[in-house]
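> Can you keep this structure in mind? I'll have questions shortly.
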Amino acid sequence: MGIIKETFWGRKPAKIQTLCIIAGVVIVAFAPFYATAYAPLFLAWILTYSVMAISWTFFSGKTGYVSLASGAFYGLGMYLQAAFGSNLPLPVSMIVAAAISFGAAFGVGIITLRLRGIYFTIFTFGLALFLNKFLHWFEAKFFHTKGRMVISHDNTTVFFAVLVVFVIVLAVMMLLNKSRFGLALNCIGQNEDSAQHVGVNTTMTKVLAFAISAAPVGAVSAVMASTIGYVDPDIAFNLLASFFPVLMAIFGGMYSMYGPIVGAVVFYSLQNYLLRTTSLYMVIFGTAMVVVVLVMPKGIFGVVEMIFNKRRRGYDGEVIGDV
């Protein structure tokens, strides 16, 4: 109970952050009832991207191991929904997708997280490609098909399902960040050899964090598959799903829990606007991402935090001068 109080309500900044989160969740939860019919789906995609960015930041942002496996677990969740969604209620199929994604990531982590640096990144990138090709072969060999139909759910149901995952992920990640487990991850990111010398089981800590970060990705992808209606390996294991969480986290600022959320909101809003207004979407979008990364290396949230800190130091200086 102590860590929960310290994380969510113990200090004044924590109180303000908690109130802001609660207010934001309430506003988002009621938005579909007074907005357009498209609003629930729009907000569901923003929350999906937020979950993916937060999950990526929890593992890669702390350990320094750049993972490109998000696309693999995203596609896995979609295919699991296609396979079991017609026979299971949506909450159950989400739990199944999260559990299998966790197990798959744990197995992959046991094999690969003894690797360091670029070798791990290359392997995780190849994982999505491997699953894509394997399912192409599997579908053609055993079912003589190219893909599968997915049972559909209305946009409001999809929105609330993703909102529940978002709230759970945010709460769990905040608790883990304040725990000994989160401290161990930070130690690994700063100096893995030193962390090992002081008694941290670095391999198992990394494997468990990698698996935890994969579970919510599988859950939200299972939900979002129902908005598409049809899934094949190319749709499910789209390589953009591997790179988007990285870009969103960097764009928003991966040194804070809230940076990836800011990045996801701006990222998807900009993407959605450009898709509707120009055929040069990828060119403009890519250029904007490069400029932001170069100009704001700590992301949007980092810039806002820097401005706030400067103003606060200026305010403190004025008070001292008056005294």
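> Quick one: Karplus J couplings for region 183-199, per residue in order, coefficients 6.51, -1.76, 1.60, θ = phi - 60°, nearest Hz, x for Gly and Pro?
Values per residue, Gly and Pro as x: 5, 4, 5, 4, 5, 4, x, 7, 6, 5, 5, 5, 4, 5, 5, 8, x Hz.
> Separate question: How large is the convex hull of the Cα atoms of region 162-203 per residue, expressed in Å³ as a whole number?
Considering the Cα atoms of region 162-203, their hull volume per residue is 71 Å³.
> How many angstrom lie between the C-alpha centres of region 130-167 and region 59-124?
About 14 Å separates the Cα centre of region 130-167 from the one of region 59-124.
> Sticking with this one: Any idea what diffusion coefficient region 172-259 gets from Stokes-Einstein, in µm²/s, Kirkwood Rh on alpha carbon pairs, 4 °C, 1.567 mPa s?
Details: Rh = 15.3 Å.
Translational D for this selection: 84 µm²/s.
> Hey, another quick one. Under the Karplus relation 6.51 cos²θ - 1.76 cosθ + 1.60, θ = phi - 60°, what is the ordered set of whole-Hz ³J(HN,Hα) values for region 83-96, x standing for Gly and Pro?
Values per residue, Gly and Pro as x: 7, 10, x, 6, 10, 10, x, 4, x, 5, 5, 5, 5, 4 Hz.
> May I pose another question? Based on the alpha-carbon gyration tensor of region 38-173 and its eigenvalue square roots a ≥ b ≥ c, which shape applies: rounded if a/c is under 1.5, prolate if not and a/b is larger than b/c, or oblate?
Numbers: a/c = 2.08, a/b = 1.13, b/c = 1.83.
The shape class here is oblate.
> Take peptides 47-58, 266-277 and line them up by average Cβ neighbours within 10 Å, highest first, as a rough protection proxy. Provide the component values of the computation, followed by the final result.
Details: 47-58: 27.0, 266-277: 15.2.
Highest-to-lowest ranking by the protection proxy: 47-58, 266-277.
Coordinate-derived values only; no laboratory data. All values reported here derive from a predicted model rather than from experimental measurement. Every residue, glycine among them, receives a Cβ derived from its backbone with ideal geometry; neighbour counts consider all protein chains shown.
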